[in-house]
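The values are calculated or read from the model by the stated rules, or taken from the named source; none is laboratory data. Only a predicted model underlies this, so the values are computations on that prediction, with no experimental measurement involved. Note that we place each Cβ from the backbone using ideal geometry, even for glycine, and neighbour counts take in every protein chain shown. When the accessible area is computed, the model is the full protein with side chains, heavy atoms only, and any ligands, DNA or RNA have been set aside. Shrake-Rupley method; radii C 1.70, N 1.55, O 1.52, S 1.80 Å.
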Amino acid sequence: MAKRDLLSFSDLTRPDVDRLFQTAARLKADLRAGRAHHELDQRTLALIFHKPSLRTRLSFEVAMTQLGGSSIFITEREIGMGQRESVSDVARVLSGYVNGIMIRTFAHELAVDLAKHATVPVINGLTDWLHPCQILADLFTMKEHGKDLDEAVVTYIGDGNNVANSWIEAARLFGLEIRVACPEGYDPDPRLKAQVERSGPGRVRIVRSVAEAAQGADVLYTDVWASMGQEAEREKRLPIFRSFQINRSIVKMANPGALVMHCLPAHRGEEITEDVLEGPQSVVFPQAENRMHLQKAVLYDLLVAGALARGAKGKVAGRVKPKKRIAAKAGTRRTAARSRRGR
C-alpha cells in the first residue's frame, strides 16, 4: 500500500472527504466531551513554513498535541531547501525522522517535489496555487450549518487566488455551484475550471458583477485583495477591487440564512465590512476553529489509518475503539501544474 499525500483535491475521492468529515465531527465531539485521544503517540509531524501563519501553524500543532503526538516547526533558515540542500535530500532525511510533513510555501511544485521524494505523507498547508486544507474545513463548516454540499451556491468575491482555485477544485467532488466574482485580469486558474466542466458534478461561473454573483447564494466568501507575496501590488489593487466587497447590501441579495465566510486574516473595511464580519450570518470564527478539527481528521487518516494499511512497524497507542479506524484508499492523483499567483 503506497503512502498517501494531500496536495490537492485530486488526491481525494468523494468517499475520502465524507470519511474525513465523519472523523472530524467525531473528534470535535470527543474534545467537547473531554474524551482524550492518543492515536498519534510517538508520532511527529514536521511543519515547514516559508510563509508566516497563525491558523495553519496553530491548528496543526494543537491537532497533533490533542491526538497525542508532537510537531516540529521548521523555517527556511534551518534548511534552505533547494539551495543549501536539495529537495530530495531534505525529503529523505525528514522521512527518517518524522511520520509526516506539512509544508506552507510559495511554489506548488516545491510541495509536489517534496512529496515525490518523501516516504512519509506530505500535506499542503498552502501554496500559491492551492489551499486544500482551508477549503476542506470550509466545506465541513458548511455541512455543520446545514448546507447541502451537492446543492449549495458558493459565491467567492475577490482575487482569483489559491483559495478560489481550491473552491473550484472542490466542485470536482461536490455538486456545488461556484461563482467567482473578480475583476478582469484576476481570474482563477482556467485549467481548473475546464477540469470541472469535463468531469466534475459541480459547475463554475466567472462573473464581473458582485450583485449578479450574490443573487441566491448560500455562502458569501472572500479573502484579502493582496495576499502574501503581493504586498508590492497592494496600492495598485485597492482601486481595482474596491467594488468587490461583501457588505450589508450584498448580503441582502443572497438567500436568507446565507453564511458569510472569510479564510482570515481580514482587512476590515476593504474586502468585507466590519458589521458583516461580526454580523449574525458570519461563521468566520467557527470556520477558523474547524481548521483544527478537520486537520485532526487528515492527520488521523494519513498517519494512523495509512500506516496500518501499509503494515507499518510499531504499535499505535491509544486506540480504544479499533472499529472506528479509517480505511486508507490506494493511490493518489497529483496535479503538478505551475503556480500562477495566489496567497
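Some notes on this structure:
- Accessible surface of the stretch 1-87, 1.4 Å probe, proportion on carbon and sulfur as whole %: 53
- Look at the Cα gyration tensor of the stretch 103-256: its axes a ≥ b ≥ c give a/c of at least 1.5 with a/b at or below b/c, and that counts as oblate.
- Efficiency of FRET between S53 and D150 - r from beta-carbon atoms, R0 41 angstrom, step 0.05: 0.85
- Anisotropy class of the stretch 188-293 from Cα gyration tensor, a/c 1.5 cut: rounded
- When peptides 139-147, 209-217 are ranked by their average number of other Cβ atoms within 10 Å per residue, the highest-first order is 139-147, 209-217.
- Separation of the stretch 1-18 and the stretch 92-164, taken as the distance between their Cα centroids, equals 11 angstrom.
- Inter-centroid distance (Cα atoms) of the stretch 19-81 relative to the stretch 249-292, Å: 25
- Accessible surface, per residue, of the stretch 1-146 when the full set of protein chains is kept, probe 1.4 Å, Å²: 38
- Approximating the spin labels as points 7 Å out from Cα along Cα→Cβ, the Q281-to-D187 distance works out to 2.8 nm.
- Each 20 Å bin from zero holds the following percent of Cα-Cα pairs in the chain: 32, 58, 10.
- Extended-chain gain in nm, criterion 0.36 nm per residue less alpha-carbon gap, S209 and S249: 13.0 nm
- For F174, the amide hydrogen comes within under 5 Å of the amide hydrogens of G202, counting only partners 5 or more places away or on other chains and with H modelled in the peptide plane.
- Between K116 and I72, the modelled label-to-label distance comes to 2.4 nm, taking each label 7 Å out from Cα in the direction of the beta carbon.
- Protection-proxy order for peptides 159-166, 187-194, each taking the mean of Cβ atoms within 10 Å per residue, highest first: 159-166, 187-194
- If the chain linking A107 and R35 were pulled fully straight, counting 0.36 nm for each residue of separation and taking away their Cα-Cα distance, it would gain 22.0 nm.
- Extension gain, L238 back to Q83 (0.36 nm per residue minus Cα-Cα distance, nm): 52.3 nm
- For the stretch 47-160, the square roots a ≥ b ≥ c of the C-alpha gyration tensor eigenvalues yield an a/c of 1.5 or more together with a/b exceeding b/c, which makes the shape prolate.
- Net charge, A266 excluded, C-beta distance under 11 Å - Lys, Arg +1, Asp, Glu -1: -4
- When the charge dipole of the stretch 1-126 is built from unit charges on Cβ atoms (+1 for Lys and Arg, -1 for Asp and Glu) and taken about the Cα centre, the candidate among F60, L7, L114 whose Cα reaches farthest toward its positive end is F60.
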